[in-house]
Structure formats: C-alpha cells, structure tokens
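Participant: So that we are looking at the same thing, I have put the structure below in structure tokens.
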Amino acid sequence: MNTDHPYGYFLNSFDPTSETTGELTRLALADVQKSGLSPETLERAQVRLFKGNTALLKKRLGFAHVDGNPILRARLIEFPYLDGKGNAVRYEYKPFPSLHFKNEKEPRKYLQGRGDAPTPYILPDVWSAKDKGNKPLWITEGVKKTLKLVQHGRLTIGLSGVWNFRGGKDRPDQASKQLWRELEGFRWTGRTVYIGFDSDLLVNGQVRLALYELAFTLYQRGALLRFPLWHEAKGIDDFLVLQGDDPDQALTELEGTARDLEGLICPDHRNEIMGALYRTTGAQGVNAKVLIELTAKKLGLKAKDIKNDIAQRRYNELKQAVDNSLYPYFINDTGGVCRWRRERDGNEAYSELSNFTARIVEDVTIDTGLDLTRRFTIEGGTKDKTFPRASVRTTEFLNLNWVVNNWGNDAIIRAGQSTKDYLREFIQIHSNHNSVKRRTVYGHTGWRQVDGTRCYLMANGAIGADSVDVELPHEFLETGRYCLPKAPENEKGAFDACLSFLDIGKAEIFFPCLAYVFLSPLTGLLDPMPGFSLYCYGERDSLKTSVAVLMLAFFGRHGRAGLSNFDSTSNSLMHRSAILKDTLLLVDDLYPSSAAKEAQRKETVAQLLIRACGNRTGRGRLNPDSTEKVAPVPRGMVLLTGEELPGLQSTLSRLMTIEFSQGDINTKKLTEVQKQAGLFPHAMSSFILWLRDRITSIQADFETELYELRKGPVVENTSRKIPEHLAYLRFAWKMFLQWAVEKCGLKEDVRRECLDIGYEIFTRVADRHVCRIEGEDPVKMFFEIVGALLTQGKLRLDHKDSGYAGRLGGDSGELIGFFDDGHYYLLPVPLWHAVQTYLRYEGGHFPFSKTTLYETLERRGILETKGGKRDHTQRLGSKVVSVLKLKRGEKDVFRGIGDDAQE
C-alpha cells in the first residue's frame with residue numbers, strides 16, 4: 001500500500017486497495033471519515049485498526065470468538081481508554097461488519113471486554129483539566145462524537161450510553177450509583193457543562209429521563225448546565241460534518257443558543273422530571289432544595305407536593321425491593337438495617353438502625369463438665385466491607401457493646417432509645433431465616449462420655465472418638481500444649497524413652513515423678529480420687545522446673561514460657577485445675593520473698609490450692625441473685641515446684657514432697673531425654689487407649705486393692721493420708737508396668753522386678769515426707785518457742801515448793817507457771833501471750849487457736865483434765881490461781897531445759 005496515505009497511522013499497515021481484505025478496511029476508514037475525524041485526531045487518541053493475534057484479542061476482551069466464529073474475520077477499529085499519562089487501561093472495538101450474537105435482535109456495533117465496567121471515555125487532555133473548574137466541559141454519547149468535539153477544541157467526556165454516567169443498582173461501588181468514580185473526581189462547582197445527547201431526546205422518553213437524571217445530579221454538585229439543541233442531524237458529529245467549511249462557527253453558535261436548566265424543564269416532561277428528582281435528590285450535594293423549588297415553579301406545583309411525591313415513590317420502590325420476610329425490618333442498598341414504623345397519619349416510614357447488618361452463624365454450647373455456657377459466632381458487614389467474625393458470649397449479646405469491641409468504628413449503630421433493642425431483634429430474626437449451625441464444644445481435658453462413647457479430651461480433639469470439638473481457654477492455646485496423637489506410633493520407642501526418664505538422676509526423684517505422670521489420666525476413673533499433689537522442693541538451680549516441664553511433655557509440647565505460678569491468684573489457679581481434668585497442671589516457683597505481705601499472699605495461694613486438690617472441693621460463691629455459683633473443683637493432678645515448704649501439718653499431709661539437691665540430676669542425661677520428649681505424648685496416648693478398654697476392670701481392681709495398698713510401714717507412725725497417697729502412686733506404677741507388658745513387650749519377670757523397686761522407692765519417699773510433717777507439729781513448735789524463751793531467760797518457771805531455788809529460765813524472766821516432779825502448772829494467759837508476742841516480732845503466725853491447742857494436748861495425754869475441765873485451781877504459796885496441768889515424764893514438753901542448773 002502507499003505509506004503516504006493521510007490515514008496511515010489509523011490504517012496500521014492495512015491496505016484499503018487490497019482485493020482480498022480491502023473492502024473491510026475501506027468500511028472502517030469510511031466510518032471515521034463520515035464522522036469527520038482527522039488523521040491527527042485519531043493518532044492523538046491512539047485510534048487505529050487492530051493488528052494483533054487471537055491471543056492478544058482474548059487477553060483484552062476475554063473472548064475471541066462469537067458463536068464459534070473468530071472475531072478476527074472482521075476488521076476492528078481499536079479505541080483505547082487512556083489514563084492521564086496516555087496509557088491504555090482498557091479497550092473498545094468496533095467491528096466491520098457488525099457482529100450478531102445469539103439471542104440478540106440487533107447486531108452489536110461495539111465490543112467491550114468481558115467484565116469491564118462501561119466507564120466514561122476520557123482523553124489525557126481532559127484528565128488534565130479535571131480540577132480546573134473554569135474550563136467548560138462537554139458530555140456526549142460515544143467515542144466518535146467525543147473525538148469530533150475534541151477535534152474542534154472542546155474538552156469532552158464520552159458516555160458509552162446515555163445511562164452510563166453511573167454504574168446502576170447492582171454495582172458494588174456505592175459511589176457509582178450516582179456518578180462513576182472517574183466523574184466524581186472532576187470539579188463540578190462553577191463549571192459550565194454542555195450536555196449534548198442525540199437530537200432524538202425530544203421524542204425518546206428514556207433518553208429524556210437519562211438527561212434529566214444526569215442534569216440534576218450535576219446541578220446538585222454545583223455545575224452550570226447548558227443544553228445545546230440541533231435538528232439537522234442525530235449526533236453532534238453528524239451535525240458538525242453538515243456545517244461544511246465552518247463547523248467551528250456553528251459549534252460556537254450552538255453553545256451560545258444552548259438552554260439553561262430552567263429553560264429545559266417542560267411540563268410535558270413531568271414524568272421524566274419526577275423520576276429523575278426521585279432518583280437524585282438526597283443522594284449528595286446541597287442544592288436539592290433549590291432544584292425542587294425551581295422544578296415546582298416550572299411545573300406549576302408546590303415544592304411540598306414534589307417532596308411528597310418523591311417520598312411516595314421511594315416508599316413504593318423500597319417496599320417492592322426489600323425482603324418482606326424480615327418485616328418490619330429490611331436491609332437497604334448500602335447494607336444497613338432499617339425498620340418500618342407506622343406514623344400518626346397512618347402511613348409507613350422507615351428509619352435506619354445501623355449502617356451494617358449482622359447475623360448469627362453459629363450457636364455454640366461450651367460444656368466444661370461443671371457448667372454449660374453459650375456463645376454466638378456472628379458475621380456482619382456493610383455493602384462494601386465484610387467484618388471479621390465475632391465470638392460473643394450470650395450474656396454480652398443483648399447490650400450490643402460487642403459491636404464496637406469487635407468491629408470498631410466501621411460499625412455504627414444509630415442514635416435512639418430503642419435502637420439497640422430493635423437491632424438485636426433483627427439480628428435474631430435474620431439469623432433464624434438462615435441456617436444457624438449448632439454445635440457443642442468441650443472446654444476441658446480428660447475423660448468424658450460423648451454420644452455414648454467414652455473418650456479422652458485434649459486440646460486437639462479426643463482420643464477414642466471422632467469429630468469432637470475441644471476448645472480450651474486462651475492460656476492453654478500455645479501450639480502443641482495438651483495435644484496428644486490420636487493414633488500413637490512407635491510404642492516400644494516411647495516406652496524406652498520413659499525408661500530413659502528414670503535414668504536422669506536420683507531414683508527417689510524420677511520414680512515418683514513418672515508414677516505421678518501416669519496417675520494423672522487415672523484421676524477421674526478412681527473412686528475416691530487422689531487427694532494429694534506432688535511438690536518438687538529444692539534450692540535454686542537444682543533443675544526442679546526443668547524436670548517438671550519434662551513431666552508436662554507427656555501431655556504435649558510444653559515450654560517454660562507461660563507456666564502457671566504462684567504470682568497468679570488462687571481463683572485463676574483453681575479455674576485452671578478444674579479445666580485440666582485427668583491431666584497434669586504445673587504451678588511453678590513458690591520462691592522466698594523479702595516482703596512479708598507478698599510472702600504471706602503466696603503462702604495463702606499455696607495453702608488454698610493444695611487443700612482444694614487434697615479435698616477435691618472448690619470455694620463457694622454466690623451470684624448476684626443469691627444463687628450459688630458453680631465452684632471450680634480441681635479435677636486433675638497438680639504438680640508444684642518451689643524453694644519453700646508450705647506451713648501446717650495438715651497442708652503437708654496433702655502433699656508428697658520430692659526433694660531436689662544440686663548434683664541429683666545428670667545434666668547430660670537430662671539433655672538427651674529432652675531431645676526424646678517428642679515420644680512421650682505417644683506413650684501417654686497409648687496408655688490412655690489401653691485404659692479406655694479396661695476402665696471397668698481397673699476400677700474394680702483399685703477398689704479391691706485399696707485397703708491392702710494403704711497398709712505400709714508408715715501407717716503406725718503418722719496420719720492415714722500418707723499411706724493413701726502411697727497407695728495411689730503404687731497403683732499408677734502397677735498400671736504403667738502392666739501397659740508396658742501388653743503394649744510394649746516388657747517381660748513379666750522384668751515387670752515384677754520394676755514393681756518391687758518402685759514400691760520400695762515410694763516407701764522411702766513417704767518415710768522422708770512423714771519426717772517433714774512431724775517437724776511441722778504445732779504442739780512441738782509451741783513448746784519449742786517457750787523452751788527457747790526459757791533458755792534465753794525471757795521467761796521463767798518457778799518450783800512449786802522451793803520457788804527461787806529450783807527455777808527454770810531467767811531470774812528476771814516473766815513468770816509463766818510452776819512445776820514439781822510430776823507436773824507443770826502453766827498460767828494460760830502469760831503463756832499464750834509470750835508465744836504470740838514472739839511470733840509477731842518474727843513475722844510468723846501460730847496455726848492453732850488456743851482452744852485447738854488445748855484439745856490437741858488433751859488428746860495426746862499431755863494435758864490433764866478434771867471433770868471435763870482443762871483449768872485446774874491450784875494453791876501456789878499464798879495465792880490460788882487457775883493453771884493448765886501438764887504431765888512430766890516421757891511426755892515432758894520441756895525435756896532438757898535447765899538440767900544443768902538442777903544438777
């Protein structure tokens with residue numbers, strides 16, 4: 001072809017004279033020439049014939065065939081939509097000949113990309129003037145009309161159709177329902193805008209409606225509107241072509257004779273005008289009132305009548321559009337919740353309750369085994385934004401405070417006294433119209449009957465049952481905590497790892513610790529439940545916490561971070577001990593404190609927790625309505641570590657103490673076993689499955705053996721609690737070894753040997769603990785204090801007969817009583833006062849009351865009574881006094897004091 005063709009850029013190497021393809025090329029060229037578009041205009045707008053392959057066309061349009069026929073059989077004019085920098089953002093094509101689509105009566109003149117929004121056609125020069133309100137703008141239909149006006153020096157925006165100044169009802173972008181975002185970016189206030197639709201607007205009602213709607217929308221944004229009208233041709237491009245040699249003058253005259261908005265409004269167009277007012281007023285802008293008054297004046301109506309008509313139209317459309325199944329509520333087109341209300345005049349009006357909607361998608365029951373609570377999982381959002389799901393307790397649901405707590409300022413509840421009540425009712429009604437998933441989750445570990453099946457709950461589900469949901473409180477949600485494999489692997493290797501645990505150090509430490517670990521899943525199966533806790537006691541750096549964490553490793557992946565400790569409140573620890581049923585809870589670090597109050601607080605926490613675990617009771621409390629709250633009762637085994645022993649004999653009797661000293665642990669071996677800790681959960685999972693199949697027989701065996709197991713060498717010397725603790729450890733050790741025989745291949749003779757070794761070690765540990773308990777005897781402590789004060793000379797005991805000559809204590813000491821060869825005659829008031837004064841200065845506290853002390857002395861045969869009375873009236877010299885009469889001899893409470901003096 002001739003490369004000097006004036007439309008060379010547009011032709012893009014296609015030859016209009018070609019015998020094979022020239023006809024289609026000539027049709028395309030004739031089309032742009034008919035509109036009077038110059039080569040320069042086309043090149044500036046990058047408009048040319050498409051010269052690409054099928055792949056490129058499909059990339060731009062999303063399709064390359066029409067009803068099976070290749071689009072490239074036609075000649076295509078390419079109209080790129082450019083951004084402000086001249087880069088193409090999408091493409092529109094005009095085919096020659098026009099293409100027929102199935103089920104469409106008319107051939108399609110233009111092709112747009114699949115899924116492309118029909119946004120306005122705006123050239124870079126027009127983009128550059130978007131903020132310049134002093135620059136007039138034209139708005140017309142189609143790309144060719146736009147190019148023609150641009151060719152004559154007019155800044156022009158092209159619409160792909162008279163309605164395509166906005167996105168329509170179904171667009172997700174709310175702003176596009178009034179104007180496309182591209183148009184919203186222009187400054188309209190004070191700008192002269194010529195709306196040049198085709199001349200058939202005077203006879204086409206739909207074109208008039210679109211014209212009025214666009215005009216009213218721009219008017220409310222402050223635009224100065226002009227409406228040029230012509231009759232010689234349909235489109236503005238055709239009109240300018242008909243003007244011959246002087247189209248610029250004709251265009252200037254057309255602008256000069258253009259009507260303003262008041263001149264355009266005509267009573268004959270009332271239906272279109274009212275429809276446009278109804279769609280545009282109230283959407284945006286401040287000129288709606290002026291527009292309504294102007295329209296009322298031109299149509300000969302009252303502004304009030306127009307407002308009522310608009311309101312009625314909106315009401316009618318809304319009633320048809322909304323889902324009446326939620327009546328009196330509905331969801332508006334912005335995603336907010338509205339409510340119909342009856343006005344005094346009998347008409348219905350609506351008010352918005354919120355800018356969002358919400359519904360319950362899950363109704364979850366949380367079963368902790370102690371009580372049942374419920375929560376809702378709620379999803380919500382606006383038309384343009386989906387909120388994250390909110391988990392809301394039912395006790396918090398009614399007040400709707402959870403809305404802001406979960407969704408922040410994006411979720412707005414409108415003002416009003418009853419708004420929250422109405423919105424809450426809507427959420428429940430809306431939820432019932434959709435499927436609400438109902439499920440039960442278990443909020444504890446340990447044994448549980450689920451749908452008739454006995455299973456063991458852990459944080460990752462259940463051992464022995466499928467599809468069981470378990471959710472532990474957030475403090476247990478660290479990855480891997482209290483998680484066991486549902487199908488154990490390498491049971492033999494796991495058992496070998498357990499044996500390695502025994503070799504870490506001193507047998508008196510690791511045998512009881514391992515037995516205690518395997519007692520934990522037996523807790524809820526045995527009746528009565530174990531009534532003691534294991535206390536790892538030792539100085540700092542004795543590695544007691546490292547061993548305790550290794551014990552926790554049998555129940556999942558645990559670390560030192562986040563452990564429970566004695567800085568927590570007793571209520572917190574009680575709650576955790578109730579949640580961790582039939583498993584192990586570690587409470588770490590009962591350490592010494594330099595502050596007396598802090599030391600007393602930790603001692604109180606320890607006392608409450610140890611006693612609660614020993615007695616299997618909780619602290620009772622009342623609800624505001626005076627009904628009793630469900631008390632959290634410890635339901636698992638508690639492992640404690642610390643550098644101080646709790647006080648009180650009765651508290652120590654609810655413990656088994658394991659003493660740690662430096663050098664008791666082989667650190668190298670400890671490190672090796674820590675590397676094998678990943679096998680421990682498999683051992684525990686296998687043990688639990690083994691227990692599950694034998695629960696009935698195990699319970700029967702324990703009931704039969706408990707009496708025999710309680711018998712032991714410590715029974716004669718101390719409280720019956722210690723042999724009972726010993727019985728539980730021995731039974732757990734027996735079950736552990738029996739599991740090893742049946743599941744891990746342990747030989748029977750080895751089992752018997754290990755059983756005897758374990759029993760012997762447990763007995764030694766119990767004997768050692770008995771000594772600690774006896775050392776905490778309050779009676780012994782009381783008279784040790786009195787004896788020390790006598791030795792220091794701060795107190796004195798006078799001989800009943802000889803007085804000064806046989807005195808015990810200091811000559812100037814406070815008199816607390818008398819003695820003879822057979823008895824002590826103690827004065828109750830100064831005796832008690834002396835001990836209390838000493839303890840007060842020492843920062844201590846005597847655990848018994850005066851009455852309890854006397855009763856204990858009486859039970860032990862130390863205090864003599866007469867006729868059920870503890871006080872004896874005794875003449876001492878010239879005085880008759882009331883005294884406590886204590887026996888001497890083998891039970892002499894002051895044995896050894898003053899022996900030298902008496903000799």
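Participant: For region 352-441, build the convex hull from the C-alpha positions and give me its volume per residue in Å³.
Facilitator: On the way: hull volume 8.9 nm³, N = 90.
It comes to 98 Å³ per residue, whole-number rounded.
Participant: Moving on. Whole-Hz ³J(HN,Hα) for each residue in region 752-769, computed from phi via Karplus 6.51 cos²θ - 1.76 cosθ + 1.60 with θ = phi - 60°, x for glycine and proline: what do you get?
Facilitator: Once rounded to whole Hz, the list reads 4, 5, 5, 4, 5, 4, x, 4, 5, 5, 4, 5, 4, 5, 5, 4, 4, 5.
Participant: Kindly write out, for region 457-471 in residue order, the coupling ³J(HN,Hα) from the Karplus curve 6.51 cos²θ - 1.76 cosθ + 1.60 (θ = phi - 60°), rounded to whole Hz, with x marking Gly and Pro.
Facilitator: Each residue of region 457-471 in turn: 8, 9, 4, 9, x, 9, 8, x, 7, 9, 6, 10, 8, 10, 10 Hz.
Participant: What is the Cα coordinate range of region 241-303 on the first, second and third principal axes, sorted by size from largest, in whole angstrom?
Facilitator: Dimensions of region 241-303 along the principal axes of its Cα atoms: 48, 26, 16 Å.
Participant: Let me ask you something else. Over 15 Å, how big is the tail of the calculated P(r) for region 195-283, in percent of all Cα pairs?
Facilitator: Of the Cα pairs, 61 percent sit more than 15 Å apart.
Participant: Another question about this same structure. Hand me the trypsin sites (Lys or Arg not before Pro) from region 737-837 located in a DSSP loop with no more than 13 other Cβ atoms within 10 Å, in residue order please. Walk me through the intermediate numbers first.
Facilitator: Values: sites: 743, 747, 751, 752, 764, 768, 772, 780, 794, 796, 800, 807; in loops: 747, 794, 800.
Passing both the DSSP loop test and the Cβ count: 747.
Participant: Please label the shape of region 117-261 as rounded, prolate or oblate, based on the square roots a ≥ b ≥ c of the eigenvalues of the alpha-carbon gyration tensor (a/c under 1.5 means rounded; beyond that, a/b larger than b/c means prolate, else oblate). Let's see the in-between values first.
Facilitator: On the way: a/c = 1.62, a/b = 1.37, b/c = 1.18.
Taking the square roots of the gyration eigenvalues as a ≥ b ≥ c, region 117-261 is prolate.
Participant: Quick query: amide H of residue 353 versus all other amide H atoms, modeled in the peptide plane; which residues come in under 5 Å with a sequence gap of 5 or more or a different chain?
Facilitator: Those lying under 5 Å, H to H, from residue 353 are 337, 338, 339.
Participant: Still on this structure, please answer the following. When we measure straight from the Cα of residue 132, which lysines land under 19 angstrom away, once same-chain ones fewer than 8 places off are left out?
Facilitator: By straight Cα distance, residue 132 reaches 85.
Participant: Running Debye on region 298-426 with equal point scatterers at the Cα sites and no solvent, what base-10 log of I(q)/I(0) appears at q = 0.15, 0.20 Å⁻¹?
Facilitator: -0.80, -1.17
Participant: Running Debye on region 491-774 with equal point scatterers at the Cα sites and no solvent, what base-10 log of I(q)/I(0) appears at q = 0.07, 0.09, 0.16 Å⁻¹?
Facilitator: Calculated log10 I(q)/I(0) at the listed q: -0.24, -0.41, -1.36.
Participant: Also: Under 17 Å between alpha carbons, and skipping anything fewer than 8 positions from residue 130 in its own chain: which aspartates and glutamates qualify?
Facilitator: Partners within reach: 83, 182, 184.
Participant: Using alpha-carbon pairs under 8 Å, 6+ residues apart, how would you state the relative contact order of region 117-261 in percent? List each step's numbers first, then the result.
Facilitator: Working: 234 pairs, mean separation 33.3, N = 145.
23 percent.
Participant: Note down the relative contact order for region 27-150 as a percent, whole number, built from C-alpha pairs under 8 angstrom at least six residues apart. Mind showing how you got there, number by number?
Facilitator: Working: 152 pairs, mean separation 31.7, N = 124.
So the answer I get is 26 percent.
Participant: Sticking with this one: Quick check: the angle from helix 270-280's long axis to the longest principal axis of the chain, C-alpha only, nearest 10 degrees?
Facilitator: Between the helix axis and the principal axis of the chain, the angle is about 30 degrees.
Participant: Given an 8 Å cut-off on Cα distances and at least 6 residues of separation, report the relative contact order of the chain as a percent. Show your work: numbers first, answer last.
Facilitator: Values: 1508 pairs, mean separation 55.3, N = 903.
It rounds to 6 percent for the chain.
Participant: Let me ask you something else. Chymotrypsin sites (Phe, Trp or Tyr not before Pro) within region 212-320: which are DSSP loop residues with at most 13 other Cβ atoms inside 10 Å?
Facilitator: Qualifying residues, ordered by number: none.
Participant: Output ³J(HN,Hα) for region 559-567: one whole-Hz value per residue in order, computed from phi by the Karplus curve 6.51 cos²θ - 1.76 cosθ + 1.60 with θ = phi - 60°, and x for Gly and Pro.
Facilitator: Here the 3J(HN,Hα) series is x, 6, 6, x, 5, 5, 8, 7, 7 Hz.
Participant: Okay, next question. Per residue, what volume in Å³ does the convex hull of the Cα atoms of region 1-116 enclose? Display every interim value, and only then the final one.
Facilitator: On the way: hull volume 14.0 nm³, N = 116.
Considering the Cα atoms of region 1-116, their hull volume per residue is 121 Å³.
Participant: I've got another one for you. Give, as a single signed number, the net charge of other residues whose beta carbon lies under 12 Å from the beta carbon of residue 793, with Lys and Arg counted +1 and Asp and Glu -1. Could the numbers behind the result be given before it?
Facilitator: Working: positive: 794, 796, 807; negative: 811, 814.
Computed value for this residue: +1.
Participant: Need the list of lysines near residue 879 for cross-linking: C-alpha distance under 30 angstrom, and skip anything on the same chain fewer than eight residues off.
Facilitator: Qualifying lysines at Cα under 30 Å: 794, 800, 850, 866, 869, 887, 891.
Participant: Rounded to the nearest 500 deg cm²/dmol, what is the calculated helix-only ellipticity per residue at 222 nm for the chain, with -39500 (n - 2.57) per DSSP H run of length n ≥ 4? Mind dumping the intermediate values first?
Facilitator: Working: 32 runs with 350 residues, N = 903.
So the helix-based figure for the chain works out to -11500 deg cm²/dmol.
Participant: Additional query: What do you get for trypsin sites (Lys or Arg not before Pro) in region 823-903 restricted to DSSP loop and a cutoff of at most 15 other Cβ within 10 Å of the site's Cβ? Numbers along the way, then the final one.
Facilitator: Values: sites: 840, 850, 859, 860, 866, 869, 870, 875, 879, 885, 887, 888, 891, 895; in loops: 860, 870, 888, 895.
Those that pass, being in a loop and sparsely packed, are 860, 895.
Participant: Next question, about the same structure. From the C-alpha coordinates alone, can you work out the Kirkwood hydrodynamic radius of region 751-903, in Å?
Facilitator: Details: mean 1/r = 0.0575 Å⁻¹.
Taking every pair of different Cα atoms in region 751-903, averaging 1/r and inverting gives 17.4 Å.
Participant: Tell me which residues come under 5 Å, amide H to amide H, from residue 533 once H is placed; ignore anything under 5 positions away on its chain.
Facilitator: 655, 656
Participant: Moving on. Grab every C-alpha pair in region 431-507, bin the distances at 5 angstrom width from 0 up to the longest one, and report whole percents.
Facilitator: Reading upward from the zero bin: 3, 13, 17, 15, 15, 14, 12, 5, 2, 1, 1, 1, 1, 0.
Participant: Based only on the alpha carbon positions, what is the Kirkwood hydrodynamic radius of region 612-712, in angstrom?
Facilitator: Details: mean 1/r = 0.0534 Å⁻¹.
Evaluated on region 612-712, it is 18.7 Å.
Participant: How long are the semi-axes of the equivalent ellipsoid of the chain, defined as square roots of 5 times the Cα gyration tensor eigenvalues? Whole Å, largest first.
Facilitator: Numbers: eigenvalues 1837, 257, 120 Å².
They are 96, 36, 24 Å, listed largest first.
Participant: Further, regarding this structure: Give the long-range amide H neighbours of residue 259: residues separated by 5 or more places, or on another chain, with amide H under 5 Å away, using H modelled in the peptide plane at 1.01 Å from N.
Facilitator: Placed amide hydrogens put 227, 229 under 5 Å from residue 259.
Only the coordinates and a few stated rules stand behind these numbers; no lab work does. Worth saying up front: this structure is predicted, and the values here are computed from it rather than measured. All Cβ positions, even for glycine, are placed from backbone atoms using ideal geometry, and neighbour counts span all protein chains on display.
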